[in-house]
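J.: First the structure, which I've put down as C-alpha cells, then a few questions once you've had a look.
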Amino acid sequence: MSTVIRISDDLAKDAKIRSNVERRSVTAQVEYWAVIGKAVEENPDLPYSFIKETLLGLEEMKAKGKEDYAFG
C-alpha cells in the first residue's frame, strides 16, 4: 500500500540529487533515509556505519539466503 505525503522542497531537492548518485528513485531515496533514521532513533548508541552495514547484511541475507558461519 502506498500513501502520498508532502515533504519540503528542500528535502525533495536533496533527495533528487542523492537519488541520482545512488541510482535510486526519489521515492526510494526518501524511504531509505526514513529506514536509516528510524534505526538510528531506535539504536542511539550504535554508530551510523554499523547500522548501515547491518541493514545491508540483512538485505543480502534476504537475497542470497543464509549460510552457517564456521569459526576458525
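The values are calculated or read from the model by the stated rules, or taken from the named source; none is laboratory data. Note that the structure is a prediction, hence the values are computed from the model and not measured. All Cβ positions, glycine included, derive from the backbone under ideal geometry; neighbour counts span all protein chains shown.
J.: For residues in segment 3-15 being touching a residue at least 12 places away in the same chain (Cβ under 8 Å) and in a helix (DSSP H, G or I), which is surrounded by the most Cβ atoms within 10 Å (Cβ to Cβ)? I'd like the intermediate steps shown before the answer.
T.: Taking segment 3-15 first, the residues touching a residue at least 12 places away in the same chain (Cβ under 8 Å) are 7, 11-12, 15.
Next cut, in a helix (DSSP H, G or I) only: 11-12, 15.
Values: LEU11: 11, ALA12: 14, ALA15: 22.
Step by step, filter segment 3-15, then rank; the result is ALA15.
J.: If a residue has to be within 26 Å of ILE5 (Cα to Cα), in a helix (DSSP H, G or I) and free of Cβ contacts under 8 Å to residues at least 12 places away in the same chain to count, how many in segment 20-53 make the cut?
T.: Matching residues across segment 20-53 total 13.
J.: Quick one: which residue in GLY57, GLY65 is among the small types (Gly, Ala, Ser) and either surrounded by 10 or more Cβ atoms within 10 Å (Cβ to Cβ) or within 18 Å of the chain's Cα centre (by Cα) (or both)?
T.: Numbers: GLY65 fails: either surrounded by 10 or more Cβ atoms within 10 Å (Cβ to Cβ) or within 18 Å of the chain's Cα centre (by Cα) (or both).
Going through GLY57, GLY65 in turn, just one is among the small types (Gly, Ala, Ser) and either surrounded by 10 or more Cβ atoms within 10 Å (Cβ to Cβ) or within 18 Å of the chain's Cα centre (by Cα) (or both): GLY57.
J.: A further question follows. Filter segment 54-72 for residues that are at pLDDT below 90, assigned to a helix (DSSP H, G or I) and among the hydroxyl-bearing types (Ser, Thr, Tyr) and give the result.
T.: Scanning segment 54-72 gives no hits.
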